[in-house]
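Every number here is computed from the coordinates shown, using simple stated rules; none is lab data. Values in this document were obtained by computation on a predicted structure and should not be read as measured data. Note: ideal-geometry Cβ built from the backbone for every residue, glycine included; neighbour counts use all protein chains shown.
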Ligand code: SF4
Ligand code: SF4
């Protein structure tokens, strides 16, 4: 086959970044099509994930989207649970629980997340790259056309591709926005003139631009340069982690003459299908996103040359190097699993036990008490935040101890408070003691009862004087 390209003339190695040319320009990759059992599995998983990404904002639970982050209202709705800004600390436990769960998976199965489930991969490989192949043809045709003159055919295909990419970027951006603006409202917003919803319009434009740039041009550079998870993963790998690797013992010495040397016939097919442009035969590399394209490509070559499959396969470094079985249970797995479980348990327990309202009692700032000619007065400000997605009624009272001065007079101007859904209401409480009666400060208790559940929260306050 002819070799018309810069890409083919240059071979990946461990000393240079293959996607950057010597002169600093971008070496744009053109991964070849590949078929095989791992592609079938990936396609099924990507189909399910795309349905989840797109469908989740449309699912309603209790009248609210299943997942909705309401930034202006400072609330989040997750599968029927409402979280206000006061619950933000819970995100620490949720994120650390899920994060350590991902650590367990990564320690066991390497970059399985990157290759199969990361939205960057799912949209790039499952949607945009596929469309590029439909419009611009297979790898060799794409490379030849890109290096050739600007013919009518080339310009037309490029224009069509970028028009489709722009439309898809616009749609994908709005899938993303639907997690912040309820999907049905978003449909109404985008069908009205931009002047009616400038903020939503500009966010839509911004994310469309970002996604078009990412999927249309930046591509694998997002994984290689920007994503911190790719780098962090090497810290979670050990010699028993399952990775995608090349069986050097079996493959070397590689030779194009099929009757000589090892099983690798140096056909370059594993490199041609790689979306990050690396040669897996050089060993495990940070740029490998675990997509399994090289496994399917090499298995196909092995079958055609009547050799056993698995020259490139999922296995541990220990197995590749020593030929021994990998050890499944390692201390770090238990540690990650325990930390992940702890985070999720604390989150689940706290969510199940938390109150439907938040009570705060503050004293007037810089004014612990007010002195009047005959009396001492303390003023407290109550704030009740309703975390429910419906209005709620609360009953207020102040409990005073028997030892309190006889002249103590407590005034609760609003013993019954109605608080709107996810809103908050403030109300004062006043206490007054005759100066003749004053001896020392004493404690009282503010009690607020939720009429819907009968649950009461209390806060102790002190009555202060000179
Ligand atoms: S696809 Fe297999 S046989 Fe071909 S170069 Fe890669 S490892 Fe060697
Ligand atoms: S080396 Fe193989 S698994 Fe890794 S990114 Fe390239 S094709 Fe995918």
Could you tell me how many degrees, from 0 to 90 and to the nearest 10, lie between the Cα long axis of helix 152-177 and the main elongation axis, the longest principal axis, of the Cα atoms of the chain?
30
Rounded to the nearest Å, what's the spacing between the alpha carbon centres of region 8-60 and region 119-156? Just the number, please.
13
Order the peptides 174-186, 46-58 from the highest to the lowest mean number of other Cβ atoms within 10 Å of their residues.
174-186, 46-58
How many angstrom lie between the Cα centre of region 178-228 and the Cα centre of region 350-410?
45
P(r) for region 357-463: what percent of alpha-carbon pairs falls in each 5 Å bin, starting at zero?
2, 12, 24, 22, 16, 11, 7, 4, 2, 0
Hey, could you pull the Cα Rg and Dmax for the chain, both in Å?
31.9, 111
Helix 293-304 versus the longest principal axis of the chain: what angle, 0 to 90°, nearest 10, using Cα atoms?
30
If I fit a long axis through the Cα atoms of helix 198-213 and take the longest principal axis of the Cα atoms of the chain, what angle between them do I get, 0 to 90°, rounded to 10?
30
How would you rank 146-155, 193-202, highest first, on the average number of other Cβ atoms within 10 Å across their residues?
193-202, 146-155
Over the chain, what is the relative contact order in percent, taking alpha-carbon pairs closer than 8 angstrom and at least six residues apart?
15
